[in-house]
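Input: a single structure, listed below in structure tokens.
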Amino acid sequence: MLKEVLKHVKTVAIGGHVRPDGDCVGSCLGLYQYIKENYEEIQADVYLEDIPDSFHFIKAAKEIRHEVPDKKEYDLFIVLDCGDKERLGFSKELFEHAKETFCVDHHISNLAFADQNYIFPEASSTSELVYRLLDLEKITKETAECLYLGIVHDTGVFQYSCTAPETMEVAANLMRKGINASEIIEKTFYEKTFAQNQILGRALFESFLFMDGKCIVSYITQRMMEFHGVTPKDLEGIVSQLRVTKGVEVAVLLYETAPHEYKVSLRASGDVDVSRIAQYFGGGGHKKAAGVTMKGTVHDVINNLSGQIHLQL
Ligand code: 5GP
Ligand code: MN
């Protein structure tokens, strides 16, 4: 329970992984909101990189800090949805200076790197795990919105196999707090800007199949992003669309983050464990959704990946 973790704590910082996604933002802001509402005596701050525009409807989003303060020592640092210390990005130094650290996560690659750890790889989302640590009666509509957002995103709107009966029960209890569930789904998951749809179309058009149609790959260069006026935040959902191609077991999307450097997103629909592939190259994630950053040309990266994919197909 959160109550025990917060005993004797006067200052707490919350942080999540770089390029925060729905679950990262939902779990961090949900926990932040809950602590603010229920522990007036505790000073809580939340640290995250820029979040997608569609998440700005969350009130607490305005309070996110994007830089670390001069005084760096918090009594407690809570790290959410983040499988290792390096992925904290700019807030890593707050984690390192904190008197105590606590990690809540569901990444299979998480090696329990904090002082106290609450890690369940089979959980749908970190937001579902945060929910389990809270007192249901004390969850307000504002907290519920955040946690619901996180669950929606990490389950692909209750679709992926990580969605358990318990996940639906948690979602039901959050709905009972009066949130506008369908609006959260529509506005944050399905709605795309025109430019986002264009780059999706471009990535689908450029994609190709290999390994007898079991693997699909596409890539987005910085030039393509410039042409369409998009940033990496706008690429969410593309790899999922690649994955639903009939016959495909592994979907791969590369996007260029620097010259000769690509962020790789991997998704699996069969028995392939993509977290193993990502971990092999220094990344991590879940069995069916993982990522890593790799160096080289598109051709090099695909070549290197395909060796590891082939071992599992
Ligand atoms: P995405 O493809 O959406 O960026 O990430 C899929 C999953 O893999 C997420 O759970 C994410 O946290 C994890 N992931 C993505 N990139 C990396 C990475 O470079 N390192 C690690 N450890 N995990 C990653
Ligand atoms: Mn997550």
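The values are calculated or read from the model by the stated rules, or taken from the named source; none is laboratory data. None of these values were measured; they are calculated from a predicted model. Here Cβ is always computed from backbone atoms with ideal geometry, including for glycine, and neighbour counts include all displayed protein chains. Surface accessibility is based on the protein's heavy atoms, side chains included, excluding ligands, DNA and RNA. Shrake-Rupley method; radii C 1.70, N 1.55, O 1.52, S 1.80 Å.
Does any residue in the range 295-313 that is over 13 Å from V217 (Cα atoms) come within less than 6 Å, Cβ to Cβ, of a residue that is open to solvent by less than 20 Å² (accessible area, probe 1.4 Å) and part of a helix (DSSP H, G or I) six or more places away or on a different chain, and which pairs are these?
Correct list of pairs: Q308/I277.
Please specify each residue of the range 10-38 satisfying the condition of being away from ligand 2 (no atom under 11 Å from the Cβ), more than 20 Å from L136 (Cβ to Cβ) and among the β-branched types (V, I, T).
T11, V12, I14, V18
Test T140 against the criterion of being crowded, with 24+ Cβ neighbours inside 10 Å, under 22 Å from Q33 (Cα atoms) and either within 15 Å of ligand 1 (Cβ to nearest atom) or in contact (Cβ under 8 Å) with a residue 60 or more places away in the chain (or both), and give yes or no.
Taking the combined requirement at face value, the residue does not satisfy it.
Under the condition of being assigned to a loop (DSSP other than H, G, I, E, B) and polar (S, T, N, Q), which residue from the range 134-178 is nearest to K3 (Cα to Cα)?
T140
Within the range 122-129, is there a residue that is within 12 Å of ligand 2 (Cβ to nearest atom) and touching a strand residue (DSSP E or B) at 6+ places or on another chain (Cβ under 6 Å)?
Yes, there is a match, as at least one residue in the range 122-129 is within 12 Å of ligand 2 (Cβ to nearest atom) and touching a strand residue (DSSP E or B) at 6+ places or on another chain (Cβ under 6 Å).
If I ask for residues that are crowded, with 16+ Cβ neighbours inside 10 Å and outside any helix (DSSP H, G or I), which ones from the range 196-213 would you list?
Residue satisfying the conditions is S207 alone.
Residues checked against (1) touching a helix residue (DSSP H, G or I) at 6+ places or on another chain (Cβ under 8 Å); (2) at pLDDT 95 or above; (3) near ligand 1 (Cβ under 10 Å from one of its atoms):
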{"position": "V239", "(1), (2), (3)": "no, yes, yes"}
{"position": "K246", "(1), (2), (3)": "no, yes, no"}
{"position": "L253", "(1), (2), (3)": "yes, yes, yes"}
{"position": "Y262", "(1), (2), (3)": "yes, yes, no"}
{"position": "A268", "(1), (2), (3)": "yes, yes, no"}
{"position": "V272", "(1), (2), (3)": "yes, yes, no"}
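Report, by residue number, each residue of the range 77-91 that is of a type in the set (G, A, S) and either more than 16 Å from ligand 1 (Cβ to nearest atom) or in a helix (DSSP H, G or I) (or both).
G89, S91
Among the residues of the range 48-67, are any over 26 Å from M1 (Cα atoms), among the small types (G, A, S), in contact (Cβ under 8 Å) with a residue 12 or more places away in the chain and away from ligand 2 (no atom under 16 Å from the Cβ)?
yes
Going by what's in this entry, would G237 be described as open to solvent by 30 Å² or more (accessible area, probe 1.4 Å), closer than 17 Å to D53 by Cα and either in contact (Cβ under 8 Å) with a residue 40 or more places away in the chain or not β-branched (V, I, T) (or both)?
yes
Does D105 satisfy being among the acidic types (D, E) and within 17 Å of the chain's Cα centre (by Cα)?
The answer is yes for D105.
Among the residues of the range 296-307, are any in contact with a strand residue (DSSP E or B) (Cβ under 7 Å, 6 or more places away or on another chain), within 15 Å of ligand 1 (Cβ to nearest atom) and closer than 21 Å to C24 by Cα?
no
If you take the residues of the range 92-130 that are under 27 Å from V274 (Cα atoms) and in a helix (DSSP H, G or I), which of them is nearest to ligand 1 (Cβ to nearest atom)?
T126
Just one of I42, I64, I14, I51 is farther than 30 Å from T231 by Cβ and open to solvent by less than 40 Å² (accessible area, probe 1.4 Å); which is it?
Testing whether each residue is farther than 30 Å from T231 by Cβ and open to solvent by less than 40 Å² (accessible area, probe 1.4 Å) leaves just I42.
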